[in-house]
């Protein structure tokens, strides 16, 4: 009983420490507020339309549902004195809710305080968490995606019916609020196929609802829209961008990786070829780990990463870029691989290697969190 009480106090302390970290990164935003450029578009739409029209609004260029952004925009219209504070605090709420789930839920993956601490660090101050997605409702979809990813590892032992109901409702809300969340329906389907029971079946069905809705919206807009934006543009620079933003940057950060890039000074053609080979080898390594390790949780993480890499590369609006908001979830999932490898590895030198990778990533993440970051202007009011 004493150890349980001590563990709970540690978790509470860590929880509030991370809330302070969020405030520390950008106190200006939480004190003065700010409208992200695209948030203002949603806000202006909400001002000129009814509640229902706003809730069901779908931006023609994105072609997918943004439930949380729509609700936030409408709520902001009710507070004419400081609507820009409303959106900031709603985005802040998503982060503290995510942290609450990380620290206080029972997880098959995050089953120790140390693992909860590491993953919370990934979700708040690791290098994939760029200033672009910080404290704005539109890009809160990346944090919904992180939440959806960790929901997959929920431990359902001694789970009450009310908790199960809330869990499944959150699958629907997450998926309707974030396109990144809706694609986890594929993961729930794989879980159901590998472990067939009513629990996994209904989890899959609930996760499928937002995916079907988003697919219907996308097809409807694609067929009828006069604005023909091809979301599937591609060139060789996109491969280089994917390698950098999803595999290299999550560990080495922006500054160190760019320094190494400038020192090496590779020929462009050689760089594209190297990036393509590196991506292929990395994907082959994922498949090898799935086959070799035969660890169910690791396989789920690896398949989630593979799914998100494909989605990020194919879904980016730019033909040569897979960074920023597009790489946040993939970067966090990539780092999570090392948590699971530490858990299942028996060789001490490999455990030390994986631990060192995590340590390097988090140290650089802290350094870039508030200071050594070329995008810090995005944190200003």
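Some notes on this structure:
- Region 148-161, subset at pLDDT 95 or above and in a helix (DSSP H, G or I), residue farthest from the chain's Cα centre (by Cα): 151
- Filtering 275, 241, 257, 316 for residues that are surrounded by fewer than 21 Cβ atoms within 10 Å (Cβ to Cβ), farther than 25 Å from residue 347 by Cβ, at pLDDT below 85 and out of contact with any strand residue (DSSP E or B) (no Cβ under 9 Å at 6 or more places or on another chain) leaves a single hit, 257.
- Scanning region 55-70 for residues that are farther than 22 Å from residue 315 by Cα and surrounded by 21 or more Cβ atoms within 10 Å (Cβ to Cβ) yields a count of 0.
- Conditions (1) modelled with pLDDT of 95 or more; (2) surrounded by 13 or more Cβ atoms within 10 Å (Cβ to Cβ); number of the one not met by residue 13: (2)
- Screening the candidates 337, 344 for the property of being touching a helix residue (DSSP H, G or I) at 6+ places or on another chain (Cβ under 8 Å), without any contact (Cβ under 8 Å) to a residue 60 or more places away in the chain and within 19 Å of residue 124 (Cβ to Cβ) yields one hit, 337.
- Considering region 319-337, and only residues there that are more than 13 Å from the chain's Cα centre (by Cα) and surrounded by fewer than 20 Cβ atoms within 10 Å (Cβ to Cβ), the residue that is nearest to residue 188 (Cα to Cα) turns out to be 337.
- Leading residue by the ranking (farthest from the chain's Cα centre (by Cα)) among those in region 29-42 that are surrounded by 13 or more Cβ atoms within 10 Å (Cβ to Cβ) and in a helix (DSSP H, G or I): 32
- When residues of region 203-236 are limited to those that are assigned to a helix (DSSP H, G or I) and modelled with pLDDT under 75, the one surrounded by the most Cβ atoms within 10 Å (Cβ to Cβ): 236
Conditions (1) within 22 Å of the chain's Cα centre (by Cα); (2) crowded, with 21+ Cβ neighbours inside 10 Å, marked per residue:
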{"position": "72", "(1), (2)": "yes, yes"}
{"position": "77", "(1), (2)": "no, no"}
{"position": "89", "(1), (2)": "yes, no"}
{"position": "98", "(1), (2)": "yes, no"}
{"position": "102", "(1), (2)": "yes, yes"}
{"position": "113", "(1), (2)": "yes, no"}
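- Test: residue in region 119-132 that is in contact with a helix residue (DSSP H, G or I) (Cβ under 7 Å, 6 or more places away or on another chain), at pLDDT below 95 and part of a helix (DSSP H, G or I): yes
- Count - residues of region 284-303 that are assigned to a helix (DSSP H, G or I) and either within 18 Å of the chain's Cα centre (by Cα) or modelled with pLDDT of 75 or more (or both): 13
- Matching residues in region 171-198 - criterion: being farther than 22 Å from residue 97 by Cα and not in a helix (DSSP H, G or I): 195, 196, 197
The values are calculated or read from the model by the stated rules, or taken from the named source; none is laboratory data. Source: prediction; values computed, not measured. Cβ sites come from the backbone with ideal geometry, for glycine too, and all protein chains shown count toward neighbours.
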